[in-house]
1. Volume per residue, Å³, of the convex hull around the alpha-carbon atoms of segment 2-172?
2. How high is the relative contact order of segment 363-552, given as a whole-number percent (alpha carbon pairs under 8 Å, six or more residues apart)?
3. Any of K405/K500; K376/K530; K403/K530; K67/K517; K288/K530; K5/K452 with alpha carbons more than 25 Å apart? Name them for me.
4. Quick check on packing: order 215-221, 158-164, 57-63 by the mean number of other C-beta atoms within 10 Å, highest mean leading.
5. So how much slack lies between I184 and S381, counting 0.36 nm per residue of separation and subtracting their Cα-Cα distance, in nm?
6. May I ask you to derive the FRET efficiency for H154 and S210 from their Cβ-Cβ distance with R0 = 45 Å, giving the value to the nearest 0.05?
7. Expressed in whole Å with the largest first, what are the equivalent ellipsoid semi-axes of segment 199-243 derived from the C-alpha gyration tensor as the square root of 5 times each eigenvalue?
8. Calculate I(q)/I(0) for segment 231-306 by the Debye formula, one identical point scatterer on each C-alpha and no solvent, and give its log10 at q = 0.21, 0.22 Å⁻¹ to two decimals.
Amino acid sequence: MYSNKLSVQLLGEVLYRYDITDIIISPGSRNAPLTIHFTNHKEYTCYSIVDERSAAFFALGMAQSKKKPVVICCTSGTASANYYPAIIEAFYQNVPLLVLTADRPENYVDIFDGQTIRQKNIYSNHIYGSFQLSESENEESITQNFLDLKKALHTCILKSGPVHINIPFSEPLYKQTEKIEIIIDKLALPYKSYNSDLYSPLLPTWNHYSKKMILVGMQQPNSKLTHLLERLADREDTIILTEITSNLNSSKFYPTIDRYMFPFGEDKMEEYKPDLLLTIGQNIVSKKIKDFLRKSNLQAHWHLDEFWHPDTYFSLTEKIEENPVIFLKKLVKISPKTSTYSLLWKQLKNEREQRHHEFVAHLPFSDLWVIKTLDKKIPDSYNLQLSNSSMIRYAQLFNFNSKNKIFCNRGASGIDGSTSTAVGFAVADHHPTVLITGDIGFFYDSNALWNKYIPHTFRIILINNGGGDIFKIIPGPDTSNALDEFFVTHHDRTAQLLAKEYNFEYLQAHNQEELVKHLESFFNSSHRPKLLEINTAGQPNSNLLREYFNYLNQE
């Protein structure tokens, strides 16, 4: 049985022909035609998640893994507003989400009808396309709906980002039919073409600069890109800086940026700053590198990316809208230039790595010690999801396993959906997933565990330091009398009852010995997902991090 509404039948056919078959549905009445149709169509895989905010981040994680659009579908009213945080994250992270919001008829808006808000274009500031289908079932309206749906799907795929389709429904909502009246035989998937000759004039200018820095931000793993960057890293005039969310791994790169960054004096700034900065990918976590480059008065900054070309360092001179591999294949053919730039950075790298290992070798039990320990313990087979705030900053100081894919919601960098994203990724990916999270983000997003799809291979490592310790790390909040209550928000919560409620195996560690013991079996196979809570409350976490950077920066 299928929905009798032709707009729904048309939508279903278009999605199927574009191979978009994962549907995350949040229960409601106004979206009943969509729910009925998708759940009775054998080609779709449907997931029921009550909390719309969590459902949208769940879909984000699935789309991260599958690298193709995932559908979220909700009822009318504030349900649609709860999608917004994940849509913002998907927008800045270029994750393809197809957002279907059911709505009341247009003439019901602003007449005080229940669950009716100004839904049309609700996400206009953070969406790649907004469309509204017509309820009319005449031939002209069906044709226009078809054209709009094709445009929406092409935009979602080519832009690799969120697209919104608002669908008004008049009652009755639950009428069904045994026959689908709209059948589409075939639709061609869109593909992105590049004008490679457009950027060829830039290539001869590469060697106008004797100090070149390539900085790679957040992106999916890419072995071809790694190989090309390694060839450039062998040159005297070029250094490659990456972050763990760059998913690039080579001993020739500088993967832990914050180890090397410190307040340069004017003379040192001139030595270490590049003449040309080439950036690839998306958001950079390190505030230190942003501050360094913004003060460097760069001669030139090229940004190479298929989607975004932000002027992050206030010096952007060239926007290269191309697949990075295509562009770099040409760039590596240019002869190297003699320079001492790479040697200068290698000396810095050797000094800082020695100091890093000296400091972490004698750490007491603390957040920093925990991350250092986990750095060596994540198995090869696992995907790693990191929450925002303290966890991603600590993780940036270590290399982690080069055989793990590493993700963090750094599009908008909020704490609100890290767990839900990790769960969605775990459901979609054939490799197991582990989430490393802080306590505030975990408890904030606890509805992430409220679904029946979490695989038994999923693991959560919760570092509970009793509050938002990030506010003791960043400068400013500690000068306020409101630090403990309104910034750090101290608490005594543990995850034990949540683990019991959602049928997780639960382990707790309060010291080094307990953690080492639990990690011996934590990643072993089990019939249930596992949650390991590490209690570091009361430890000098923020002080140790400051001491770490002070030790690195000693002359």
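The numbers here are math on the coordinates, done by the rules we state, and not lab data. The model shown is predicted, which means the values in this text are computed figures rather than measured ones. Cβ placement follows ideal geometry from the backbone for every residue including glycine, while neighbour counts extend to all protein chains displayed.
1. Hull volume normalised by residue count: 100 Å³.
2. On the way: 310 pairs, mean separation 42.1, N = 190.
Relative CO of segment 363-552 lands at 22 percent.
3. K405/K500; K67/K517; K288/K530; K5/K452
4. 57-63, 158-164, 215-221
5. Numbers: separation 197, 0.36 × 197 = 70.92 nm, distance 4.04 nm.
So the chain would gain 66.9 nm between I184 and S381.
6. 0.55
7. 20, 13, 10
8. -1.13, -1.25
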